[in-house]
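Asker: The structure's right below; bear with me while I get my questions together.
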Amino acid sequence: LKHIKEQSCHPDPLAILDPEKFTLLYARGEDWYEAYDDCQVIRTLDIPWSHDDTGLLLAHIVVKPLVAVDSEEEKKQQECLAYLIGHNLEKEASDRLGELTFTRRKLASPRRQELRNRDDKLYATEPWVTCAPIPNDLQDQINRKLPVTLHYMNKISFSIQVDFSAMPAVLLRVFRRVVADQGLDYDTSDDLVLKVSGREEFLSGDHPLSDFLWVRQCLKNNQDLHLSVVPVSQLADETVKFVDWSLVDGSSGQFSSHDDLRLEGKDLDDIFMISLWDCNRRLRVKLLGFDIPKLPNKCPQSVYVKASILYGNKVLSSVSSLPKAFADEVLWNEWLDFDLLLRDLPRGAKLGFTINASGDISPVTKDAKPPSSSVNKTPEQQKGKGKVLYFVNLLLIDHRSILSQGPYTLHMWSYPDLEEEAITYQADKLSSATNPEIADSMAISFLLDRYSFPVVLPNSFNSCSLDIKPSEGPSSDSVILRSPSSVISTNKAGLKRFREESIRYASNLPHYLRNVDWMNRRVVEDVHWLLGNWDPGELDVTVALELLSMDFADMTVRRLAVQRLESLSNDDVLKYLLQLVQTLKVEPYHDSFLARYLIQRALQSKRIGHFFFWYVRSEVAGCPYFRQRMAVILEAYLLGCGQAMLDSFTQQVQAVEALQEVAVMIKNFYPDNLSPTAPLKLQELLRNCNLPIEFLLPFDPRIKAGMILLDKCKVMASKKKPLWLEFSPMPSPTSATPVGIIFKQGDDLRQDMLVLQTLVVMDSIWQEKSLDLNLVPYGCISTGHNIGMIEIVRNAATIAVVQRNHGGTNGAFRNDALFEWLKSKCPLQEIHYKTVERFVKSCAGYCVATYVLGIGDRHNDNIMITDQGNLFHIDFGHILGNTKHFLGVNRERVPFVLTPDFLYVMGRVKGRNSLYFQRFRDTCTQAYLSLRSHSRLLVTLFSLMLLTGIPELSAAEDMRYLREALQEEQGEAEAKEHFLQQISVCEQLGWTVQANWWIHMVAGVEMFIM
């Protein structure tokens, strides 16, 4: 600063430190970085330092006057982002150092880095490939030649035969040779790429043709393979046109070591901040009181406030106030003391407040008198006692590593009743957001102790540990390390040996870390040393996913888990993406290793980016507790995804909004039963709605929908009035069927998404064993709060329709109905062995899957079959053993659906054995035992979804069903026998299912015809 004063001509040199007037920039490599955090210590910034002639450290910092930029371009950019995100962040971004603005600025660095490394051609033409082994039933075809027809801009089409091991480059070489032989003109300097005709899907990269998903699908369905040769210059522009922020140093919000910050030996003038680890006093909070603009309809006579210190899903300490009569304003002025020291607070700890009922809850009256006493009240009258009414959390150490201090007034969330099916407290209590409805919400006021300086959490204990090498540890000779079994004292050599030994027990790492005392800083330092020396590649993916659950709040633990995910293929990221997006709720801060990882993977791959957009956008719409976090993360992705993706997302959002408007109007017009005018009304509304000319399907970005086919659209006859919609397909050399979707408004599709995603995971487990069970995980996506789309599966009918076609409602009791229907779909009126083979495999796959997932409410309207004999289930409203009851009686008495008509197709009549039935039993046990060996993965994926607040998946107890179904405690032989017993039970009780189905048909419940 002295140096600045001497050399500056500025009348007030100190003014340059005013962030409202000047920006401080420094160069590192090719980029300019802004010193953004006012409290940041210069030495912690990653500035290139040099020495002057006298040996003093020297750094070049450029001072730039702040110029207000309010260009039309930036305004349009913000409008575009707000529309795509479904939320306007600009309205909340007033505080320059608040978490929202700070996060926006910090996330520019990983985005810039990703864009610098991105190859636009590879990004635009990313292939859909799989590394799963080729299924056994396709092995014969693999040894033959593959017929491929190539098309080039309406100028030439020709067919060739190629090996399945050939790569796309071979096809392009053949194309160039043929074009040259024909003497056709084309720009030889332009790069070419192969695109599947009629689809937004490419065959590119160094992959054999047998690895492409579309090639495998064509083989399976006996379809011809048509490819268009497209010049890369004709592809949509992937350039990023948005204006981005200047970079902020990655170390912003981090401070020096405790040794640098400690007060000992410093003059008052040298103190700018205090180390949290110097604060030896207990944490306390002064509860001032609360006020609410309007009392609720039902409220307790008296309430108390409970204050807790939360760390992840653990309550470290809690204390309650005295109860007081509930009124629109209640004052306490009472200190609440916690039994923990400030210096022991871990990063990410929150101060949580709840307002709880201390008496029975009754309707409010104007002349409500304070309660005299509840001593004489009966237990029935006191049933509301302790019930949480309102809650809110505050981060004790904020996103800049600074301790919160001084007065606060926070607007609280009202705690939802269970019948409201709102998200669960497990997810809520992790949020540090306050209620944005300021005018109508409960406001709590409190005071935290104040200090003369900012109190900051240091990076490390001493200076030397800032430059520590991975093989070295902190300087202390002995440490205390908490282990699950006992408290042990060890030295560094012992800790190193422990680390080497522990590699063999990496699967136990979550169990070990759950038992660490995270309040003991010395213990935590040693655990961090251990994890810092751990090779992430040695962790199983399942363990990494488990470490991202709400049991683990520590940043170093979560970083190790994310490092393991970095080596996942795009296929595997997509497999777990639904859970990873939910897990963002566990992170204490908006900016996290997981958020950065997901943004980077989405920016690398359009496949991942597409689903990332919809999964996050759905949370912005449906989860107010994490709305700002999800919105800022989505914005960070959209700023780098490229113009083509932005245009595509705009069309998709426009389509969803237009269809939602139509769906709402239809429900308003026909609240009860549909009238004969419903189809015409729907057509009129669709004709006048603001649908785009074309859009990619949110549940499958490889398919583009064109103009809507009004005469094929209808309102389906079920309670929520879903819309059956058909669109013209993209032009293709083959006769393409229309694009069909079911649009639902008023249903939460997240549970269906979870089941379908789990089916994909199960299918991948089976595919690894070369077991293709012909599952149909049809497209399904939630595009907002209780809004979504479902794919229409073509050439398929519900079992109810099959049975009605063969005996009306009594068809439910006809054992040969399904057999006869399949026979009618096959050439020469003979049931083809491949059809039965497909039926046996798919029936086995769904029997195992529905049993393991406890899928209930199975009737003949939500089980379907394709013309080729592929059985599949739809509509997963009840899972994990939550079955439907009728007049208080459990309607479902069988573990899964295996009815006499299914057995008839397999040749199992009156208990007579058959080759197909034996194959069914063998396939079931093989599939079941394969899932058992991955039981930890399945349980982990479901437990991570506890954060969604799906009604049937809201408590850890819901996992018990999954563990029991997978027979985790049993050996392989016992588990195999267990499943064969379930098949026997289904055979014995098959008639009860038929009776249920007959009742269902007579009652005329919802019918799907696809």
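Coordinate-derived values only; no laboratory data. Just so you know, these numbers come straight off a predicted model, no measurement behind them. Heads up, the Cβs are rebuilt from the backbone with ideal geometry, glycines too, and the neighbour counts pull from every protein chain shown.
Asker: Subtract the Cα-Cα distance of Asp647 and Glu974 from 0.36 nm times their separation in residues, and report this length gain in nm to one decimal.
Answerer: 112.2 nm
Asker: Would you mind checking which residues have amide H under 5 Å from Leu336's amide H? H placed 1.01 Å from N; only 5 or more apart, or other chain.
Answerer: Under 5 Å from the amide H of Leu336: Val285, Lys286, Leu287.
Asker: Once phi is turned into ³J(HN,Hα) by the Karplus curve 6.51 cos²θ - 1.76 cosθ + 1.60 with θ = phi - 60°, what whole-Hz value does each residue of segment 916-925 show in order, with x for glycine and proline?
Answerer: So the J values, rounded to whole Hz, are 5, 5, 5, 5, 4, 4, 5, 5, 4, 5.
Asker: If each residue's Cβ is checked for other Cβ atoms within 10 Å, how do Arg450, Arg838 rank with the fewest at the top?
Answerer: Lowest count first: Arg450, Arg838.
Asker: Would you please calculate the Kirkwood hydrodynamic radius of segment 179-277 over all C-alpha pairs and express it in Å, rounded to one decimal? Present the calculation step by step, with values, prior to reporting the outcome.
Answerer: Values: mean 1/r = 0.0490 Å⁻¹.
Hydrodynamic radius (Kirkwood, Cα only) of segment 179-277 equals 20.4 Å.
Asker: Could you name the aspartates and glutamates whose alpha carbon sits less than 12 Å from that of Lys823, not counting residues in the same chain fewer than 8 places away?
Answerer: Result set, ordered by chain and number: Asp867.
Asker: Considering amide H positions built from the backbone, and no H for Pro or chain starts, which residues 5 or more places from Leu430, or on another chain, come under 5 Å of its amide H?
Answerer: none
Asker: Right, something else. Where does the charge balance sit around Glu837 when Lys and Arg score +1, Asp and Glu -1, over other residues with C-beta under 10 Å from its C-beta?
Answerer: That works out to +3.
Asker: So, one more: Compute the signed sum of charges (Lys and Arg +1, Asp and Glu -1) over the other residues within less than 12 Å, Cβ to Cβ, of Leu447.
Answerer: Result for the local shell: +1.
Asker: Looking at segment 239-309, which chymotrypsin sites (Phe, Trp or Tyr not before Pro) are DSSP coil and have at most 15 other C-beta atoms within 10 Å of their C-beta?
Answerer: Loop-located and lightly packed - Phe272.
Asker: How do Asp344, Asp449 line up, fewest other C-beta atoms within 10 Å first?
Answerer: Asp449, Asp344
Asker: Something else about it: So, with +1 on the Cβ of K and R and -1 on the Cβ of D and E, and no other charges, what is the size of the charge dipole of segment 576-620 about its Cα centre, to the nearest 20 debye?
Answerer: Values: 6 positive and 3 negative charges, 46 e Å.
Dipole magnitude for segment 576-620 comes out near 220 debye.
Asker: Calculate one ³J(HN,Hα) per residue across segment 317-333 by plugging θ = phi - 60° into the Karplus curve 6.51 cos²θ - 1.76 cosθ + 1.60, and present them in order as whole Hz with x for glycine and proline.
Answerer: 6, 8, 8, 10, 7, 6, x, 9, 4, 6, 8, 6, 9, 10, 10, 10, 6
Asker: Once Lys and Arg get +1 and Asp and Glu get -1 on their Cβ, which of Leu547, Gln582, Trp518 lies farthest toward the positive end of the dipole of segment 505-614?
Answerer: Gln582
Asker: Got a sec? How would Met945, Met167 order by Cβ neighbour count within 10 Å, fewest to most?
Answerer: Met167, Met945
Asker: List, in the order given, every pair from Lys575/Lys704; Lys21/Lys106; Lys241/Lys704; Lys606/Lys681; Lys298/Lys681; Lys64/Lys241 whose Cα-Cα distance in the structure shown is over 31 Å.
Answerer: Lys606/Lys681; Lys298/Lys681
Asker: Shifting gears a bit: Assign unit charges at the C-beta atoms only (+1 for Lys and Arg, -1 for Asp and Glu), then state the dipole size of segment 54-177 relative to its Cα centre in Debye, rounded to the nearest 20.
Answerer: Roughly 600 debye, rounded to the nearest 20.
Asker: Given N residues in segment 614-704, what is its alpha carbon radius of gyration divided by 2.2 N^0.38 Å?
Answerer: Segment 614-704 yields a ratio of 1.34.
Asker: Quote the charge dipole size of segment 126-234 about the Cα centre in Debye, to the nearest 20; the model charges only the Cβ of Lys and Arg (+1) and of Asp and Glu (-1). It would help to have the intermediate numbers written out before the result.
Answerer: On the way: 10 positive and 14 negative charges, 59 e Å.
Dipole magnitude for segment 126-234 comes out near 280 debye.
Asker: Only loop residues by DSSP count here, and only those with at most 12 other Cβ atoms within 10 Å; note down the trypsin sites (Lys or Arg not before Pro) in segment 680-772 that meet that.
Answerer: Listed in order of number, the matching sites are Lys719.
Asker: How much net charge surrounds Leu577 when only other residues with a Cβ under 14 Å from its Cβ are counted (Lys, Arg +1; Asp, Glu -1)?
Answerer: Here the count lands on +3.
Asker: If you restrict to DSSP beta bridges whose two residues both lie in segment 126-234, what percentage is antiparallel, to the nearest 5? Intermediate results must be reported in sequence, preceding the final value.
Answerer: Numbers: 15 of 20 bridges.
Bridges in segment 126-234 that DSSP calls antiparallel: roughly 75 percent.
Asker: Loop only per DSSP, at most 13 neighbouring Cβ atoms within 10 Å: give me the trypsin sites (Lys or Arg not before Pro) in segment 290-331, ordered by residue number.
Answerer: Lys294
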